[in-house]
Amino acid sequence: MTDANPPTDPDLGLRERKKRQSRIAMHRAALELVVEHGYAHVTAEMIARQAGVSTRTFFNHWSTKESAILGILTGQSDSVVTRLVPALEELPPREALRRVMRETLEAVPSDPTLRDLKKEVMAREPKLHSISTGNLYTVQNEMVDILVDYLGGDDARERGFIIVQLAFALTRSAFAVSMASGIELTDAFDEVIDLYDSGRASI
């Protein structure tokens, strides 16, 4: 998938890759520390130190230690919500939402050991589930609010809610397919979308 407005700075791609590598290192460090010390005893300073970055750099990427553990970015350029608006200017709502969900999956680390580490942490620390669910609920509501303006009509909110819920359900299915078959998340997402659209996996 290509960017509609590709960067003109030839160094931008390298800088973005380095930022992503740094984020993954901090995410991994956060998970490893929780496994070693327990969620309550891990601090942002500990995560930064283990990842080899400054505390200031840590907070440039993450708002809290919880966001680093869960992998929830604070940067607006990485937000699925902020990417939805320009996508809606090019595509119908359903296709726009699918595009931003797929782009979000492209940013998920493909390292299976990192995914296993996160699964272990989530199994150990039930509190993180409520934090993750709360964040997901906020994101979904924001996406519905955006869609309402584009859908129009008295039932715009209901339609927007259904579109968002379906998109997240298909995305969760992609994670399950990826874990079960070992294929890349984006490939799993494409497979899930194809199965759903063809009617072979729809209700």
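Quick note: the coordinates plus some simple rules give every number you see, no bench work behind them. Since this is a predicted model, take the numbers as computed values, not measurements. All Cβ positions, glycine included, derive from the backbone under ideal geometry; neighbour counts span all protein chains shown.
Observations, loosely collected:
- Ordering LEU195, LEU88 from the fewest to the most neighbouring beta carbons within 10 Å gives LEU195, LEU88.
- Distance between the 7 Å Cα→Cβ label points at ARG172 and ASN60: 3.6 nm.
- Packing-based exposure ordering (other Cβ within 10 Å, fewest first) of HIS61, HIS27, HIS37: HIS37, HIS61, HIS27
- Under 5 Å, built H, 5+ apart or other chain: amide partners of SER63: THR74
- Calculated FRET efficiency, ILE131 to ALA25, Cβ-Cβ distance, R0 = 22 Å: about 0.55 to the nearest 0.05.
- Normalising by residue count, the chain has a Cα convex hull of 138 Å³ per residue.
- Residue order for ARG98, ARG20, fewest other beta carbons within 10 angstrom first, comes to ARG20, ARG98.
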